[in-house]
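Asker: Below you will find the structure I want to go over with you.
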Amino acid sequence: MPKARTRRKNRFQFGLNRRNAAKRNKRRENPRIECDVVRAAWDGRRSARRNLEDMGLASDPNQSVPLRMRRRDLKEPATKPHVAQALEQEAAVPVTPSPPSVSNDIVLMVRRLVHTYGEDYKAMARDDNNHYQDTPSQIRRKVELVRRHCPQEWELIISSSTGSSTDSSTDITTDHSTVIATDHSTEHSTDHSSSDSTH
């Protein structure tokens, strides 16, 4: 009895863009290496695992440092140990973290709010110009950020706020003195009018 004719499976991928697939394969073969030392010692004719073994680096840390060493786990010594030494020296250099950047919008907002409300953060949160709907604690953090990382701007803010407070206090005293003077003048006028009426 003859065998049933079986149809061979079509292996051609019609939905695959061969140009993009070739680009992906090329990127896999020649990866983009950020480190200058590793890029200089990279051999394009070898695989990534073989390149890393030659440099004394590990492609898979679980296999490079197993729980129990066996005889077959011992590998050949690295042929490019200077790469690992250069990476260790680069990692040993202390890195000073850069201070956080404070935008000009935050500085202007803090300047206006401190000039208007002082340290009343709840009133700052209720301000109509609080466009970002910040809570009092968020506004406090922004004020602390400007105070800590923009000392020159903070000095200007403090000087302007203290100047405005002294100006407002002098205005209040002058207004109070004018009120007292007007009160005395009215008293004198009432005294004269009463004396005229008695005469």
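Asker: Using the Karplus curve 6.51 cos²θ - 1.76 cosθ + 1.60 with θ = phi - 60°, work out ³J(HN,Hα) for each residue of segment 4-9 in order, rounded to whole Hz, and write x for Gly and Pro.
Answerer: 6, 6, 9, 7, 6, 6
Asker: Another one. For Lys23, Lys142, Lys122, Lys9, what's the largest-to-smallest order of accessible area, 1.4 Å probe?
Answerer: Working: Lys23 110, Lys142 45, Lys122 135, Lys9 160 Å².
Largest accessible area first, the residues go Lys9, Lys122, Lys23, Lys142.
Asker: Hey, another quick one. Taking the inverse of the average 1/r across all pairs of different Cα atoms in segment 7-47, what Kirkwood radius in Å do you get?
Answerer: The Cα-based Kirkwood calculation yields 13.0 Å.
Asker: Skip the ligands, DNA and RNA, and give the accessible area per residue of segment 18-65 with a 1.4 Å probe, whole Å².
Answerer: Numbers: 3870 Å² over 48 residues.
Ligands and nucleic acids excluded, the result is 81 Å² per residue.
The values are calculated or read from the model by the stated rules, or taken from the named source; none is laboratory data. Every value quoted in this text rests on a predicted model; they were computed, and no experiment measured them. Quick note on the areas: whole protein, heavy atoms, side chains included, nothing else; ligands and nucleic acids left out. Shrake-Rupley method; radii C 1.70, N 1.55, O 1.52, S 1.80 Å.
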